[in-house]
1. I need every pair where a residue in region 180-197 that is in the same structural domain as Leu106 (by TED's automatic domain parsing) has its Cβ under 7 Å from the Cβ of a residue that is part of a helix (DSSP H, G or I) and of a type in the set (Lys, Arg), sequence separation at least 6 or different chains.
2. From the list Phe67, Phe63, Phe46, Phe90, which one is buried (at least 18 other Cβ atoms within 10 Å of the Cβ), out of contact with any strand residue (DSSP E or B) (no Cβ under 7 Å at 6 or more places or on another chain) and either among the hydrophobic types (A, V, I, L, M, F, W, C) or not assigned by TED's automatic domain parsing to the domain that holds Pro346 (or both)?
3. Please determine whether any residue of region 268-290 is in a helix (DSSP H, G or I) and within 21 Å of Gly362 (Cβ to Cβ).
4. Tell me which residues, restricted to region 247-267, are in a loop (DSSP other than H, G, I, E, B), of a type outside the set (D, E, K, R) and in contact with a Phe, Trp or Tyr (Cβ under 6 Å, 6 or more places away or on another chain).
5. Given (1) surrounded by fewer than 21 Cβ atoms within 10 Å (Cβ to Cβ); (2) among the β-branched types (Val, Ile, Thr); (3) touching a Pro at 6+ places or on another chain (Cβ under 8 Å); (4) outside the structural domain of Glu59 (by TED's automatic domain parsing), identify the lone condition not met by Ile343.
6. So for region 23-38 (the condition being farther than 22 Å from Ala270 by Cβ and either small (Gly, Ala, Ser) or not in a loop (DSSP other than H, G, I, E, B) (or both)), does at least one residue qualify?
7. Is it the case that Gly354 is in a loop (DSSP other than H, G, I, E, B), small (Gly, Ala, Ser) and either surrounded by fewer than 17 Cβ atoms within 10 Å (Cβ to Cβ) or not assigned by TED's automatic domain parsing to the domain that holds Val404 (or both)?
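The values are calculated or read from the model by the stated rules, or taken from the named source; none is laboratory data. Note that the coordinates shown come from a computational prediction; the quantities given were computed from them, not determined experimentally. FYI the Cβ positions are ideal-geometry reconstructions off the backbone, even for glycines, and counts take in every protein chain you see.
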Amino acid sequence: MQELRDVSDIDRILNQHNRWRGRCLNVIASENIPSPTVRRYLTCDFGGRYQTYQDDPAERDYFGTRFMAQMEIAAQELAKEIYQADFVDFRPLGGEMAGAAVVLGLVDAGDTVFEAPWAFGGHRVAAKLLTANALKDLIHVEDIPYDAATHNVDVEATIDKMIRLKPKLVILGRARILFPETVEPLRAAADEIGAYLAYDISHINGLVAGKAFPNPLDQGVDVVMGSHHKSLPGPQGGLFFTRSEEVYRKVRRGLYPTLVTNHHLERAPALAATYLEMRAFGEAYAGQIARNSAALGSFLHERGLQALYPGLGFSRSHQVLVDVEDLGGGRAVSARLEQANIITGPGGLPKDDGRSDGFASGIRLGTQELTRIGATEDDMQGVADLVARVLIAGDDPLQVAEEVAAFVGRFKALKYCFEQGVHPYGDPR
């Protein structure tokens with residue numbers, strides 16, 4: 001246990017973290033590196049101020065916030081351009097809060113919500129709400145049927161289930177998403193039963209913003225929600241956006257003041273900088289992420305690891321799924337890789353559907369941070385080699401950790417941002 005006696009102890013722990021992470025190969029699918037520009041804005045004076053409102057940032061409850069409101073509105077306009085949306089709200093403090101706002105805003109007591117099952121990467125936003133005693137009997141939650149062979153929505157089974165159970169809300173999008181989801185056929189079914197379609201964009205936000213994945217709004221979705229710090233390299237936080245004023249107003253009522261009042265406005269200039277960088281570099285960045293993921297899946301497969309969906313090209317997103325059940329399961333394998341300074345995490349696979357013990361058969365490896373530091377398809381061979389050294393060859397993880405540090409040390413310049421050339425990890429050596 002670290003004892004904090006003065007600020008030098010805080011600095012010591014942070015320095016230890018920075019030095020270590022700078023020697024790590026980070027393939028966590030839910031993290032990224034904000035640019036130095038974005039990080040600087042997070043320390044602005046907005047962070048010590050309050051800004052609350054019901055509907056319009058210009059109609060502010062606190063005085064002294066005129067420029068804060070101006071910044072938030074300008075950031076919203078940038079996001080509308082990026083997402084081709086008419087209404088954007090950054091007030092959720094995270095993707096889970098954005099999803100909760102969508103559920104609370106669009107669903108009434110007694111309604112049914114469909115969402116992706118855990119084994120296919122569902123964030124389980126509606127199901128998590130039911131863990132609160134006051135909400136546990138409020139709504140009914142059902143799994144969307146998915147096809148294990150394609151890792152995608154089973155459209156026919158989903159439409160049949162929608163017609164039978166008549167959900168008020170269907171939430172698409174997932175954490176462990178590999179390929180664009182089939183959405184359009186569900187729109188007609190939703191119209192027939194009077195349901196809303198929502199899409200959790202948390203993981204593929206940067207791919208949508210960079211046009212490597214379809215925009216769910218173009219596919220007929222009513223509202224998109226999620227976070228902006230995974231494949232999108234922004235500050236931590238959440239958002240939702242839509243083209244429907246009716247939906248926008250309903251979701252806002254689910255968000256404010258139920259879930260958030262002051263919404264940490266230092267995020268607004270940081271988000272604005274993120275979107276400006278995406279406007280300048282987003283398509284190149286998102287395209288390279290997708291190519292890196294497909295390459296990484298192929299190289300892992302060649303080295304004897306069970307990367308899923310070789311027949312489909314492994315991945316079109318920012319991540320690859322690997323079945324490691326025979327190696328001890330996702331949690332044990334992730335711990336072993338962490339000893340080698342390879343940072344990943346466990347993930348459920350379709351084969352885990354119906355399990356009640358929480359065991360995850362897989363791991364997922366994300367390429368978005370590797371792409372940010374300048375890695376390309378050829379570099380994915382080195383990543384696959386290092387992973388296979390630990391998991392297939394059984395080499396000493398501590399020895400591999402030194403090779404990981406040398407591999408990561410080759411990447412000395414952050415890419416796809418305004419300050420290209422800055423060391424991505426602050427030159428930890």
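1. Cβ pairs passing all conditions: Leu197/Arg187.
2. On the way: Phe67 fails: buried (at least 18 other Cβ atoms within 10 Å of the Cβ); Phe63 fails: buried (at least 18 other Cβ atoms within 10 Å of the Cβ); Phe90 fails: out of contact with any strand residue (DSSP E or B) (no Cβ under 7 Å at 6 or more places or on another chain).
Checking each option against the conditions leaves just Phe46.
3. Filtering region 268-290 down to residues in a helix (DSSP H, G or I) leaves 268-290.
Now narrow it down to the ones that are within 21 Å of Gly362 (Cβ to Cβ): 289-290.
Taking every residue of region 268-290 in turn, at least one turns out to be in a helix (DSSP H, G or I) and within 21 Å of Gly362 (Cβ to Cβ).
4. Result: Asn262, Leu265.
5. Condition not satisfied by Ile343: (3).
6. Among the residues of region 23-38, at least one is farther than 22 Å from Ala270 by Cβ and either small (Gly, Ala, Ser) or not in a loop (DSSP other than H, G, I, E, B) (or both), which makes the answer yes.
7. On the way: in a loop (DSSP other than H, G, I, E, B): yes; small (Gly, Ala, Ser): yes; either surrounded by fewer than 17 Cβ atoms within 10 Å (Cβ to Cβ) or not assigned by TED's automatic domain parsing to the domain that holds Val404 (or both): yes.
When the stated conditions are applied, Gly354 passes them.
Table: residues versus (1) in a loop (DSSP other than H, G, I, E, B); (2) loosely packed, with under 14 Cβ neighbours inside 10 Å.
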site: Val404; (1), (2): no, no
site: Lys412; (1), (2): yes, no
site: Lys415; (1), (2): yes, no
site: Gly426; (1), (2): yes, yes
